[in-house]
Structure formats: C-alpha cells, structure tokens
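K.L.:
This is the structure I have questions about; it appears just below.
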Amino acid sequence: MASLTEELVKICDELPSPKAEELVKFARFLRAQTKYGQSNGDAAWENIINDARPRPKLDAFVQESLADGQSEPLDLGRL
C-alpha cells in the first residue's frame with residue numbers, strides 16, 4: 001500500500017495544481033463510494049429496504065398492481 005501512496009504523491013507533485021486537485025477529489029469520491037465494501041448507493045438502498053416506516057403510496061401501488069391480475073412475462077423482442 002505504501003508504494004501506491006508514494007506513486008500517487010509523485011503523480012500529484014508532477015501535475016499542475018488544478019489537475020492534482022481533481023485527482024484528490026476523485027480519490028475522495030472513490031473512498032466515499034467504497035465504504036464498508038459496498039457502494040454508498042447499495043448502503044442507501046439497504047437502509048431504505050430495511051426502514052420500517054409505512055409507505056402508503058407504495059402499498060397502494062402494489063395492491064393496485066396485484067388487483068390487475070397476472071401480467072405477461074417480459075418479452076425483450078417486443079421492446
């Protein structure tokens with residue numbers, strides 16, 4: 001890991017300041033995306049799915065969809 005860090009420091013030193021700042025911003029973005037081995041998007045969806053609060057609009061949509069009866073399987077050829 002130290003060699004990667006050294007390489008990044010060397011690259012940043014060789015880049016013009018605005019480009020080095022972009023590289024640092026990108027590294028921060030990657031770090032934020034990979035916390036705890038999953039992307040923040042995955043973690044956010046897990047939080048939403050596990051949230052016990054009622055979702056009346058979603059419940060109504062599900063009930064309406066179920067009342068319509070069985071739907072056809074997705075036919076990719078008709079898309």
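K.L.:
Any chance you could count how many residues in segment 28-57 are at pLDDT 90 or above, surrounded by 10 or more Cβ atoms within 10 Å (Cβ to Cβ) and either assigned to a helix (DSSP H, G or I) or on the phi > 0 side of the Ramachandran plot (or both)?
P.N.:
Within segment 28-57, residues that are at pLDDT 90 or above, surrounded by 10 or more Cβ atoms within 10 Å (Cβ to Cβ) and either assigned to a helix (DSSP H, G or I) or on the phi > 0 side of the Ramachandran plot (or both) number 0.
K.L.:
Filter segment 58-77 down to residues that are of a type in the set (G, A, S) and surrounded by 10 or more Cβ atoms within 10 Å (Cβ to Cβ) and give me whichever is nearest to I48 (Cα to Cα). I'd like the intermediate steps shown before the answer.
P.N.:
The first filter runs over segment 58-77 and keeps only residues of a type in the set (G, A, S), leaving 60, 65, 67, 69, 71, 77.
If we keep only those that are surrounded by 10 or more Cβ atoms within 10 Å (Cβ to Cβ) as well, we get 60, 65.
Working: A60: 18, S65: 21 Å.
The selected residue is A60.
The values are calculated or read from the model by the stated rules, or taken from the named source; none is laboratory data. Given the structure is predicted, the values throughout are model-derived calculations rather than measurements. Using ideal geometry, Cβ is built from the backbone for each residue, glycine included, and neighbour counts are taken over all protein chains shown.
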